[in-house]
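Contents: one structure, followed by commentary.
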Amino acid sequence: MASAGGTREELNLVPYLDIVTTLMIALLAIASYNDLGLRQAAVKAAYAKEKAKEGAGGALAEDAHGPLTVEVDHDGFVLDAGDGGHAAKLMAVNGALPYARLAEVLRALRGVPNAPERAVLTADKDIPYRTLVTTLDTMRRDETGPLYPDVAILTYEAPPPAGK
């Protein structure tokens, strides 16, 4: 449409596209962190259920820590000590998971005062059964004795890779 001066005015869409792009990036970032939050919530729910079974009267007793969480994936192990922020990654070496190193770290953790008493093993449903069993055996005991004899298992479905 022509204005009074005879020039044509156009709508500038660049600021709107900038806002939409920024919102999409923010939503994608939130969605990727939400998956981790859902897994952590599931671990806490499983822990609360176990505590309730032990006769805590249906209420979760106050602990200094949550359970030790060991997540196994194709790249290695992620250990979360349940204290709200201390996590460690044990990377696979030449495609082999570091079971001996996992046992060393768990043994060292058992010697720390106020260490978590419970352990939870989490894994993507695509992790082979043999890997789960070997990790579970490694978490339960090493050659010097028991580590975490009572391990809960939690599986989840990994989100699809980006772009699929």
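The values are calculated or read from the model by the stated rules, or taken from the named source; none is laboratory data. Model, not experiment: these values are computed from the prediction. Virtual Cβ from ideal backbone geometry, glycine too; neighbours counted across all protein chains shown.
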Picked from region 98-144 (must be in contact with a strand residue (DSSP E or B) (Cβ under 8 Å, 6 or more places away or on another chain) and of a type in the set (Ser, Thr, Tyr)), the residue surrounded by the fewest Cβ atoms within 10 Å (Cβ to Cβ) is Thr131
For Arg107, the lone unmet condition from (1) basic (Lys, Arg); (2) in a helix (DSSP H, G or I); (3) within 19 Å of the chain's Cα centre (by Cα) is (3)
Expected output for region 144-160 (first residue under 21 Å from Asp73 (Cβ atoms) and modelled with pLDDT under 80, partner among the charged types (D, E, K, R) and not in a loop (DSSP other than H, G, I, E, B), Cβ below 8 Å, 6+ apart or cross-chain) is Leu154/Arg39; Thr155/Asp124; Tyr156/Arg39; Tyr156/Asp124; Glu157/Asp124; Ala158/Asp124; Pro159/Asp35
